[in-house]
Each structure stands twice: as C-alpha cells, then as structure tokens.
Amino acid sequence: CYTGKSDLTETGEWGMKQARGQMSESLLLGALLTVAGGFFDAYTYLCRGGVFANAQTGNIVLLGVNLAEREWLRALTYLLPVLAFALGVVLAEGIKQYGKARQADGKGMHWRQFIVLAEVVLIACAAFAPQQYNTAVNILISFVCAMQVEAFRKVRGSAFATTMCTGNLRSGTEQLVIWRQTGDANAARRARYYYGIILFFILGAALGAVCTAALGERALLITCAPLLAVFAIMFIREEE
C-alpha cells in the first residue's frame, strides 16, 4: 500500500521528475477502473431508463430545458443526480483528508482503498433494486462515479478520467498533434496511454451491454470484480 511518502524520485519515462510507489496512478489500475466506468454507462442506459449516469453535462442541460418548460418535477429528476455527483466529490475529499491524517505513520489501508470498498458496497446494493427504483439507482451510480473520478485522477502522472472520455480524447489528440509536430517520444507515449484508456472504456461498455442483456439488473454486480482487483492491487508497491 502506498504510504503517502515517495521512496525515491527519478526521471520518469515521460522525461519529468515523478514519485515512485504510487500504485494508484498505474496504467493497470486506470484500465480496471475505466472498464468499470464504461460498464456503468452502458448499464444505466440499457437497463435503468436510457440515461448516462457517469457524467453530468447532459443532466445539467436537461435540467435547464425542463426549467424553461416549467416541468418542475421532471427537472428535479435531473437535478438529483447532479447533487449526488457533487456530494460524491465532497465525500471523497473528506475521506482523503481523514485518510491522510490517519496514515501519517504509513500503516493501514490507503484512503483510496476505502473509496473503492464503498463503491463495491453501493454497487452491490444498486444491483438488487427493481426497475421502479431506476431513478434512485442512477443517482447512486452518479455518486459512485463522482467518488471514483475524484479519487483516481492520474495515470502515469497525467490527468485522466475513468468514468468519461471527453477529456481523455482531447488530451490524447493534443499529444498526438505534439508528437506529429515535434517527434517528441514522450508525447507519443502519452497519446497511446490516453487512447488506450478510451479503448478500455469501450471494452467496459461492450461488456456492460452483453452482461446486461443476459443478466438484467444483476449485471451490475460484475463491476465488483475489477473494483475488488483495484483494491487488492493497491496493497502492492509499484516497484514490486
């Protein structure tokens, strides 16, 4: 488990100083979390009312549209996931501060592991909710995605998102352009990482579609597997 202190600092493969031992920023963890993120989106769209619960831009737009049309109750259904997402960020930050204070001695679980465990518990509960509770499930998944995206914000030292693709697509394309213009090998690596993460998101969405068609509401339980793998891997130091 990462202790919160750098064991050594060396020049990373991207040509910058970076701390070693931060397993939470590894490409493997990023891939596993992104598979879960893609699964969440496919699941809520196919099984929970045709919505995307991972990102809130669509909900905010539809909130504004329904307010303009004076559809107050319908507007509320779009406001609640937005508030849940904000609450998830607040809770993740609270766990982060509390975990860092307790982990000053370098012992015990990393604060991110507590967030992953909370995700698993909440996802397991949502999987058993019947269709009449779709709104509540979407709110819960919005909350879970907020905690995940706030806790895991980097892969190999660069900012990534594991529950949405817009920022990754922009950054990956930017690095691709830099590589084409300058021949910078570091930019080429970054572009590969960004596009790789997008492919894992697509993989997660495809897996979500297949599993949801076969298992219905219970398909959400499958996302517990990559999340539990993330929890276990974080006990391993990156050097090992």
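The values are calculated or read from the model by the stated rules, or taken from the named source; none is laboratory data. As the structure is a computational prediction, the values presented were derived from the model and not from experiment. Cβ placement follows ideal geometry from the backbone for every residue including glycine, while neighbour counts extend to all protein chains displayed. In case anyone asks, the SASA skips ligands and DNA or RNA and just uses the protein heavy atoms, side chains included. Shrake-Rupley method; radii C 1.70, N 1.55, O 1.52, S 1.80 Å.
Just checking, how many residues over segment 174-195 are touching a helix residue (DSSP H, G or I) at 6+ places or on another chain (Cβ under 7 Å) and either buried (at least 20 other Cβ atoms within 10 Å of the Cβ) or not β-branched (Val, Ile, Thr) (or both)?
Here the count works out to 11.
Spot the failing condition for Ser171; the list is (1) touching a helix residue (DSSP H, G or I) at 6+ places or on another chain (Cβ under 6 Å); (2) surrounded by 21 or more Cβ atoms within 10 Å (Cβ to Cβ); (3) part of a helix (DSSP H, G or I), and only one is missed.
(2)
Can you name the helices (runs of 4 or more DSSP H) wholly within segment 22-132 that have at least 1 residues being free of Cβ contacts under 8 Å to residues at least 60 places away in the same chain and surrounded by fewer than 16 Cβ atoms within 10 Å (Cβ to Cβ)?
57-68, 72-102, 111-127
Please determine whether any residue of segment 146-158 is in contact with a Lys or Arg (Cβ under 7 Å, 6 or more places away or on another chain) and at pLDDT below 90.
Scanning segment 146-158 turns up at least one residue that is in contact with a Lys or Arg (Cβ under 7 Å, 6 or more places away or on another chain) and at pLDDT below 90.
Kindly list, by first and then second residue, each pair from a residue in segment 173-196 that is more than 12 Å from Ser158 (Cβ to Cβ) to a residue that is open to solvent by 70 Å² or more (accessible area, probe 1.4 Å), limited to pairs with Cβ atoms under 6 Å and residues at least 6 apart or on different chains.
Qualifying pairs under 6 Å: Ala188/Trp179.
Which residues, counting only those in segment 150-170, are under 15 Å from Arg189 (Cα atoms) and of a type in the set (S, T, N, Q)?
Passing the criteria: Ser158, Asn168.
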